[in-house]
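Just so it is clear, none of the values below were taken in a lab; they were calculated from the coordinates. None of these values were measured; they are calculated from a predicted model. Neighbour counts run over all protein chains shown; Cβ positions are idealised from the backbone, glycine included.
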Amino acid sequence: MNKLEALKINSQITKRGIRLNTRVGAFTLDYPDNIWKAYPEKGKEVLADNLTHLLTINIPFVSDIKKIEYSTSLPFFRSFIYHLIAEGIPSAVDDFSNDTPERLKDFHNIGYNFSDHHIKMPGLKQKAGKKAIIPFSLGKDSLLTTAVAREIGLEPVCIYINDTVSPPENRIKLQFARQLSKNLDIKFYAVKNNIEQLNDFEFWDTKESYLGYMHMIMGFCMIAVPFTYYEKAKYILLGNQQNMNFKFKGSDGFWAYPAPDQRSEWTHLHSAMINTFTKGVSSVYSLIEPLTDIAIIKILHKRYPEFAKYQVSCDCLDASYQKRWCHNCSKCAQTFLYINAFGVKPETVGFHKNLFNKKYQRHYSLFGGSAVEEHECAQQGRDEQLLGFLLATEIGAEGYLIDKFKIKYFKEAKRRKKELIKQFFSLYPAHLPDEISKKTMRIYEKELQKP
């Protein structure tokens with residue numbers, strides 16, 4: 001693609017959602033007809049101003065563009081959006097040897113210009129019942145959130161956002177989501193968001209980067225607003241869990257988080273944003289905030305196997321010939337490890353290779369793997385895998401890496417077992433309303449006390 005230093009974005013409200021007309025093409029965010037039609041025009045205008053900026057703010061990080069000119073008004077949540085991006089940069093640059101100070105400097109030098117400063121105020125009256133909107137990805141976090149929400153008496157409404165960037169991944173996840181919806185009687189909607197293509201480094205033919213995805217969780221929350229209105233939903237339930245609060249020092253010396261927008265502080269900030277959109281009726285929480293990765297896998301696969309069998313946690317399907325798991329990334333390796341730790345047969349969730357074989361060693365941080373994300377190499381990530389391999393070994397898992405673990409790490413793991421179980425199977429503090437907190441904690445306590 002030819003270099004383009006400035007980009008004009010003309011935002012339009014359509015019968016299906018929002019359309020962005022640009023020099024490089026037209027891109028849309030399309031809702032189900034009934035959802036968008038029911039949402040009031042005033043709300044659509046506020047949403048268009050804020051989503052247009054949020055969903056395109058990362059473009060300069062993955063392209064040569066230095067300036068964006070919008071046809072929209074200055075968005076009400078501009079300060080939230082800027083805070084989000086500035087905090088996300090240290091984590092986003094880490095795996096690609098980018099320089100945090102330079103990227104922060106770049107961010108402050110980008111020109112974002114709006115047609116006017118007549119800020120449209122959010123806030124529409126709406127009713128609320130027992131429904132909960134759940135951004136649904138088919139990963140362990142959203143699956144457990146959906147299962148627990150239903151058990152404690154909420155009515156989950158699952159929303160899958162098809163970003164169109166990874167067709168194979170979206171295809172398999174949409175297929176599984178529809179199957180789950182039908183078989184478990186869970187209400188399900190799909191939103192098509194091809195605006196995300198503008199945040200993809202491949203679209204601009206630039207070097208690989210995570211810098212295009214720093215807006216994702218806030219985007220999920222904003223996109224969900226018309227659903228809260230239509231479904232009269234009291235909650236938006238995110239899959240923000242305890243590992244997202246474990247900070248680590250990156251290669252350039254800056255402290256970072258695995259996903260800053262998924263840590264507890266941002267759950268509260270997103271809730272404040274949604275409260276403002278809905279005049280205090282709807283709030284954002286995370287039912288799985290008290291849990292670590294390995295605890296989530298245990299509860300999901302042991303208590304809710306009817307949900308667990310749909311799990312798809314691989315993000316590398318677009319570059320793979322595999323249909324559900326690429327069998328060649330750290331997410332696949334970690335899922336394989338943790339389900340083995342609890343005696344779950346890998347084939348029940350679609351694995352057909354033994355990821356304890358020697359060639360997969362590079363995907364485990366415990367073994368100093370070269371193909372892992374940097375936060376997985378932090379002490380918490382390393383120790384969580386140490387516990388996973390210990391439990392898998394004790395339950396009889398087999399493979400080259402199990403044998404290597406026995407030789408190299410078994411003594412350490414056995415000596416530290418009580419400490420590791422306390423660290424990763426304890427319930428961390430969670431900020432949940434009383435009406436759902438007690439029921440939720442009772443489920444977790446029961447499951448985590450089991451052997």
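Which order do the peptides 310-316, 177-183, 377-383, 52-58 take when ranked by the mean count of other beta-carbon atoms within 10 Å per residue, highest first? Intermediate values should be presented prior to the final figure.
Numbers: 310-316: 20.0, 177-183: 15.3, 377-383: 17.3, 52-58: 24.6.
Ranking, from highest mean packing down: 52-58, 310-316, 377-383, 177-183.
When 127, 417 are ordered from fewest to most other Cβ atoms inside 10 Å of their Cβ, what list results?
Numbers: 127 9, 417 15.
In increasing order of surrounding Cβ atoms, one gets 127, 417.
Per-residue HN-Hα couplings for the stretch 328-344, Karplus 6.51 cos²θ - 1.76 cosθ + 1.60 at θ = phi - 60°, whole Hz, x for Gly and Pro?
In residue order, the calculated couplings are 8, 8, 5, 5, 4, 4, 5, 4, 4, 4, 6, 5, 5, 4, 10, x, 7 Hz.
Which shape class, rounded, prolate or oblate, goes with the stretch 61-147 when its Cα gyration tensor gives a ≥ b ≥ c as root eigenvalues, a/c under 1.5 marks rounded, and past that a/b bigger than b/c marks prolate?
Details: a/c = 2.95, a/b = 1.22, b/c = 2.41.
Because a/c hits 1.5 or more and a/b fails to exceed b/c, the stretch 61-147 counts as oblate.
May I ask you to list the GluC sites (Glu not before Pro) in the stretch 183-247 that are in a DSSP loop and have at most 13 other Cβ atoms within 10 Å of their Cβ? Numbers along the way, then the final one.
Details: sites: 196, 202, 208, 231; in loops: 208.
Counting only loop positions with at most 13 other Cβ atoms within 10 Å, the GluC sites (Glu not before Pro) in the stretch 183-247 are 208.
What does the helix-only formula give at 222 nm for the chain: each DSSP H stretch with n ≥ 4 adding -39500 (n - 2.57), the total divided by the residues, and the result rounded to the nearest 500 deg cm²/dmol? Don't skip to the end; give the middle numbers.
Working: 17 runs with 193 residues, N = 451.
For the chain, the value works out to -13000 deg cm²/dmol.
Measure nothing but the geometry: give the 0 to 90° angle between the long axis through the Cα atoms of 140-151 and the longest principal axis through the Cα atoms of the chain, rounded to 10°.
On a 0 to 90 degree scale, this one is about 90.
Please state the relative contact order of the stretch 315-425 as a whole percent: Cα pairs under 8 Å, 6+ residues apart? Mind dumping the intermediate values first?
Working: 120 pairs, mean separation 27.2, N = 111.
It comes to 25 percent, rounded to a whole number.
Once both axes come from the Cα atoms, what is the angle between helix 379-394 and the longest principal axis of the chain, in degrees from 0 to 90, rounded to 10?
Orientation of helix 379-394: about 40 degrees from the principal axis.
Specify the angular offset, from 0 to 90 degrees and rounded to the nearest 10, of the alpha carbon long axis of helix 264-277 from the longest principal axis of the alpha carbons in the chain.
30
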